[in-house]
Amino acid sequence: MALLAAGVLMAGVACAASAQTVGDGFAAYEAGEHERAYDIFLPLAREGDATAQYAIGVIHHYGVIAPADPAQAAKWYERAVAAGQLDAMVELGVLYSQGAGVAQDPGRALELFTVAAENDVPISQYNLAYMLINGVGTEPDPVSGARWMQRSAEHGYDRAEFELGNLYLNGIGVAKDTVAALSWFERAAGSGIPEAAYNLGYVHLNGIGVKADPAAAAPWLTQAAEQGRVDAAALLGVMYHDGAGVRQDHAAAAHWCGLSARAGNPAGQSCMAILYSQGHGVPKDYVLSYMWGTLALPQLPEGKPRRTARLGLKLLEKWGMSDAEIERARAMARDWQPE
C-alpha cells in the first residue's frame, strides 16, 4: 500500500467571507506570488487566524520560499490544530508519522488523522485507513481500515480508489471481490492513477479472478505505459511481439520494450534481448542481444524467467559469437546506465 499522503495549500480550505485578507493570501499564492502570500498570511497568523497559521505552516513545510523547515511548520500547525483547523491536522499528522520537525509519534499522528477523518476530510480518511491496515501506531485492524478507505474513495480521493481496489482484489478487510476491485481500479485510472491502469491490464492479461482477455488488457497497459509505468511498457511490448490482444507489430514491440529496458526494467531488457537476437523491430545484433540478456538475468525471478534468459545467452554463444564479441557485450553491460 502507498505511503501516507499529505495535502496541498489549497486543499479543502474554505475561507470565511469575513477573512478577505486570508482570501487575498490564497489568491497571491495561486498566482505564484508566494512571498507576497507569506507577507499577507504572517500577521494574520500571529493574530490567531487558524487558516493563516495553516498556510504559514505549509509554506515552511514544503520550502516554498526558503529551504523546508518542518520544525517551524510543526509549530504553526500546532497552533492551527489547537483552533480545530482540519487541514493542519492532516499535515501535522504526516510530520508526526515521519518524525519530521517533531519526535516521531505514530500514536499522535493516528489521533490527528482520526479527528480529521471523522470530519470527512478524504485525505485524512485515507491516512487513517493506511495506519489501521498496516498497524502503524495501533494494532492492525484491516476491517476498520477498509471502512475508512471506502469512505475516502466514495469522496473521490483517487489514491483511496486505487487502494480500495487492492483491498477487494486481495480480500484484505473485505471479502475478496474482483468485480468490485476492477470497478475501483477503473475509477482510479480515470482519475489518472497509472498504478490502477496497470492493475487493470495485469488482471485482464493474467485472468486473475476473471477470464484472461489480452484484448481487454491492452488499452489499460497502454495507458499505464504512456503514464510512465515501465513494467506496463514491458508487458505491452511482449504483447505486440506475440500479437496477443493486439495486432502483431514488431516495431511497436521494440518501442515499448526498449523504453522499459532503458529504464532498467528486467522484463523489458529480456524482451530486447529476444528482439535483437531475432531481428524483430530492430536490426539483428547478437552483441546487443547478449548485453540486454546479461543485464536482465540477475534481476529476473528464479524459475522459468531466469532459466529462459540463461538459455538465451547460451544459445547466442553457440550461434557463433566470438570470445571478443561476448566480452564486448559484457563490457557494455558493465558500463550501462539506466536512462
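Computed from the coordinates by the stated procedures, all read-outs in this text should not be read as laboratory data. Every value quoted in this text rests on a predicted model; they were computed, and no experiment measured them. Please note: Cβ atoms are built from the backbone with ideal geometry, for glycine as well, and neighbour counts cover all protein chains shown.
Cβ separations smaller than 8 Å between residues 6+ apart or across chains give the following pairs from region 227-250 residues that are surrounded by fewer than 21 Cβ atoms within 10 Å (Cβ to Cβ) to residues that are assigned to a helix (DSSP H, G or I) and of a type in the set (Val, Ile, Thr): 244/238.
Among the residues here, residue 285 qualifies as touching a Phe, Trp or Tyr at 6+ places or on another chain (Cβ under 6 Å), surrounded by fewer than 23 Cβ atoms within 10 Å (Cβ to Cβ) and over 15 Å from residue 339 (Cα atoms). If you go through region 45-72 and keep only what is closer than 20 Å to residue 123 by Cβ and either touching a residue at least 60 places away in the same chain (Cβ under 8 Å) or not in a helix (DSSP H, G or I) (or both), you end up with 62, 64, 68. The set of residues in region 151-181 that are surrounded by fewer than 23 Cβ atoms within 10 Å (Cβ to Cβ) and within 19 Å of the chain's Cα centre (by Cα) comprises 156, 158, 166, 169, 170. When region 292-339 is filtered for residues that are of a type in the set (Ser, Thr, Tyr) and free of Cβ contacts under 8 Å to residues at least 24 places away in the same chain, only 322 remains. Can you find a residue that is over 17 Å from residue 305 (Cα atoms), touching a residue at least 60 places away in the same chain (Cβ under 8 Å), touching a Pro at 6+ places or on another chain (Cβ under 7 Å) and of a type outside the set (Phe, Trp, Tyr) anywhere in region 253-266? Yes, region 253-266 contains at least one residue that is over 17 Å from residue 305 (Cα atoms), touching a residue at least 60 places away in the same chain (Cβ under 8 Å), touching a Pro at 6+ places or on another chain (Cβ under 7 Å) and of a type outside the set (Phe, Trp, Tyr).
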